[in-house]
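Rule-based calculations on the coordinates, nothing more; no lab input. What you see is a predicted model, and the numbers here were worked out from it, not measured in a lab. Cβ placement follows ideal geometry from the backbone for every residue including glycine, while neighbour counts extend to all protein chains displayed.
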Amino acid sequence: MASAINPLNPTAGQATTQSVRENFAAAKSEIETLQVENTALESAVYWQSSQGKKRAKGATGTFSAFGAQLSGALTTTAILAGRIYFFPFLAIDLSRVTTLAAKITTASAGTIELGIYASADLVDELCPGLLLVKTSKMSSSALGVVQESIAPMSGHQGEMLWAAVSVSANTSITALNTYSTENHLGYLGSGSTPISHVSSITFTELPSDASTAALSISAAAVPAIGWLL
C-alpha cells in the first residue's frame, strides 16, 4: 500500500495549516487501515494444533472441529440416543471460541447437546472429568449446523480437554475420519488401529461430572464438535 503522506509537507519556511492537516488525515487513514488488517490477521490464526501448527480460521461461516489435524477429511457418524460420546483434544487457545457447534446430516425429532469437559484427576487414566461448559438441548430436527453461544474459556492452555455430544433420538452428524484427528488414546491391543474416542451409557445427558462413567473405546470416526466462525 503506497502512503499518501507527502514527505515535503510542511514546506520549510512557509508551512500552511492545510498541508499539515492533509498529512495528518493521510496518516490517520493509513493507521486505521493497518489496524483493521491486523485484527483480521489475529482472528485468522487464533487456533493452533497440538503440534504447534497455525490454523487459518477461514471465512465467516466456516466450521472448525476440536482435535482436527487435516482439513477436508470429513465423513458422517451415527450418534445414538442414550449414549454420550467423548473425545480428547489438546487445548491451545480457546479464549476466542464463543460458540459450540455440530453439523447434522440425518435429522431426528429430538435434541442434541454439546459440551466440553476437563480431564479427570485419576492416576494413569485418561478420561473425562468435570463439565466446563455445555449448550442447552438444541433441536436436531433440521439438517445443517446447530450452534449456541458460550462464555469464552481461558486458563486451559496445554490441558487435555474432552468434547462431548449427546442426543435424545438417533441422529447423524459430520465426523472426522480417524486418521485426521489427534491421537491421544493409544491403539487397540498391540495393533496399529488408533482409538479415536470413548462413549458411555452411564448417563443419558451430559452430567456435571463424567469421571464415574463406564467407558467403551471406539476406533470409529470422531464426532465433529467445534465452533462456527
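Key figures
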item: Net charge contributed by nearby residues that have their C-beta within less than 15 Å of residue 104 (K/R +1, D/E -1); result: 0
item: Peptide ranges 201-214, 145-158 listed from the most packed, as the mean C-beta count within 10 angstrom indicates; result: 201-214, 145-158
item: Gained length - residue 30 relative to residue 211, 0.36 nm times residue gap less alpha-carbon distance; result: 59.8 nm
item: Cut-off 12 Å between beta-carbons: net charge of the residues surrounding residue 134, Lys and Arg +1, Asp and Glu -1; result: -2
item: Cα gyration tensor of the range 75-229 - equivalent ellipsoid semi-axes, whole Å, descending; result: 22, 19, 15
item: Length added when fully stretched, residue 109-residue 149, from 0.36 nm per residue minus Cα-Cα; result: 12.2 nm
item: Computed lengthening from residue 98 to residue 18, 0.36 nm per intervening residue step minus Cα-Cα distance; result: 24.2 nm
